[in-house]
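Chemist: Have a look at the structure that comes next, please.
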Amino acid sequence: METLYLKSGEFFSGESIGFENGNILFRLSDGQVQSILLENVDRLEYKGTDTQVEEGDQLLVSNDNAELPPLPSMINQLPVPQPLGVAPDLDEGVDEESAFSPITEYSDQCWEYVEIWTKRFELGGTYLAGNTDRSYVTTGLNLEKSDNDNLFDFEIGGRWGQANGIRDANRWYGNATLDIARTTNWIVFVTNKNTYDEFENLDWRGTLSTGLGYRFINEDDRRLIIRLGPGGTREIYSSPTLKRTTFDIFAELELIWPISDHIKLEHKQTWTPSVDIAQILRVTTETGLLFKLDNEDRWNLRMGLLQIYNSFPNAGRKKSDYTGSVSLVYTRK
């Protein structure tokens with residue numbers, strides 16, 4: 001049986017089973033394992049079966065005997081005396097944070113991974129009250145992770161508005177694009193685009209496409225990329241109800257270009273002509289001018305124009321929708 005003496009005067013009987021993170025692991029006679037800081041340990045003794053103390057007792061470790069294996073240097077620190085009248089805390093020295101260290105480490109790794117994403121938030125709107133009652137809001141969130149080879153882009157947002165208590169705009173979208181390359185300007189892409197538009201009577205339009213693309217320019221402040229490949233689109237309309245699936249050709253042009261030191265052009269145009277239904281052509285064109293508001297290029301004022309064209313809309317709906325917007329954009333890199 002071993003006896004572990006603390007500098008506070010307390011002691012434990014049991015068996016030492018090792019060291020971990022500056023603590024000694026000590027199993028008590030009831031099987032419970034205590035983890036105790038070495039700086040709180042005075043000595044560890046082993047009691048043999050011999051009844052004579054001088055022959056049966058063996059001092060395993062101590063701070064005072066140079067011939068015995070020393071404890072780590074932290075045990076040589078001066079002990080903090082216990083206040084008079086206060087019982088020593090038997091749990092003192094137990095590493096309570098050790099159980100949470102894996103969670104902390106995992107959280108730090110996740111945050112480092114999130115930090116490498118370029119994050120962009122856009123918010124704009126209009127509010128009028130009085131003779132005219134109008135509210136209009138546009139919002140968007142864009143996350144992008146890219147390097148010299150690959151790019152992943154995710155965006156979600158929408159536009160909502162009402163005039164004199166009657167809703168006249170309600171459109172939301174969610175898109176994701178993955179570009180894969182290996183030290184070349186040619187890319188293999190996969191893209192998924194989803195749209196809801198109340199005033200197009202569109203409950204859902206989802207497009208999935210893959211193919212090849214080419215990066216003519218791919219720099220931090222300028223970009224020119226084309227993508228081309230086969231795809232498919234599923235549409236669900238209401239009033240009247242219509243469900244259709246088409247096989248398409250997907251073509252997209254993406255352009256980012258600085259016009260001056262304080263103005264940047266953004267332009268993206270997507271074509272999805274149907275292969276099996278010749279009269280169906282869908283074109284989405286979004287153009288924006290960003291006006292720089294600070295020297296770090298984090299705050300920008302954006303003036304944008306969105307055009308959505310559908311050559312075969314739902315009954316009673318027009319082929320084209322136009323939306324102009326002015327919004328404040330914050331980008332974090």
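The values are calculated or read from the model by the stated rules, or taken from the named source; none is laboratory data. Just so it is clear, the structure is predicted and the values come from calculations on it, not from any experiment. Cβ placement follows ideal geometry from the backbone for every residue including glycine, while neighbour counts extend to all protein chains displayed. Accessible surface is based on the protein model in full, side chains and every heavy atom, while ligands, DNA and RNA are left aside. Shrake-Rupley method; radii C 1.70, N 1.55, O 1.52, S 1.80 Å.
Chemist: Is it true that some residue in segment 268-284 is among the acidic types (Asp, Glu) and closer than 22 Å to ARG222 by Cβ?
Modeler: For segment 268-284, residues among the acidic types (Asp, Glu) and closer than 22 Å to ARG222 by Cβ: absent.
Chemist: OK, next. Given the options LEU253, LEU301, name the one that is open to solvent by 40 Å² or more (accessible area, probe 1.4 Å), more than 23 Å from ASP179 (Cα to Cα) and in a strand (DSSP E or B).
Modeler: It is LEU301.
Chemist: Which residue out of ASP30, ASP50 is at pLDDT 55 or above, over 43 Å from the mean Cα position of the chain (by Cα), part of a loop (DSSP other than H, G, I, E, B) and not small (Gly, Ala, Ser)?
Modeler: The unique qualifying residue is ASP30.
Chemist: Just give me the residues in segment 193-227 being among the acidic types (Asp, Glu) and farther than 19 Å from THR241 by Cα, in sequence order.
Modeler: GLU219, ASP220, ASP221
Chemist: If you don't mind, there's one more thing I want to ask. Looking at (1) among the β-branched types (Val, Ile, Thr); (2) modelled with pLDDT of 95 or more; (3) within 26 Å of ARG134 (Cα to Cα), which is the only condition ILE166 fails?
Modeler: (2)
Chemist: Now for a separate question. If I ask for residues that are basic (Lys, Arg) and in contact with a strand residue (DSSP E or B) (Cβ under 7 Å, 6 or more places away or on another chain), which ones from segment 290-333 would you list?
Modeler: Result: LYS292, ARG298, ARG302, LYS319, ARG332, LYS333.
Chemist: Counting only residues that are open to solvent by 90 Å² or more (accessible area, probe 1.4 Å), touching a residue at least 12 places away in the same chain (Cβ under 8 Å) and either under 24 Å from SER135 (Cβ atoms) or part of a strand (DSSP E or B) (or both), how many does segment 304-333 have?
Modeler: Matching residues across segment 304-333 total 3.
Chemist: Shifting gears a bit: Would you kindly identify the strands (runs of 3 or more DSSP E) lying entirely within segment 118-229 that contain at least 2 residues that are open to solvent by 70 Å² or more (accessible area, probe 1.4 Å) and within 20 Å of LEU255 (Cβ to Cβ)?
Modeler: Here the list reads 151-163, 202-218.
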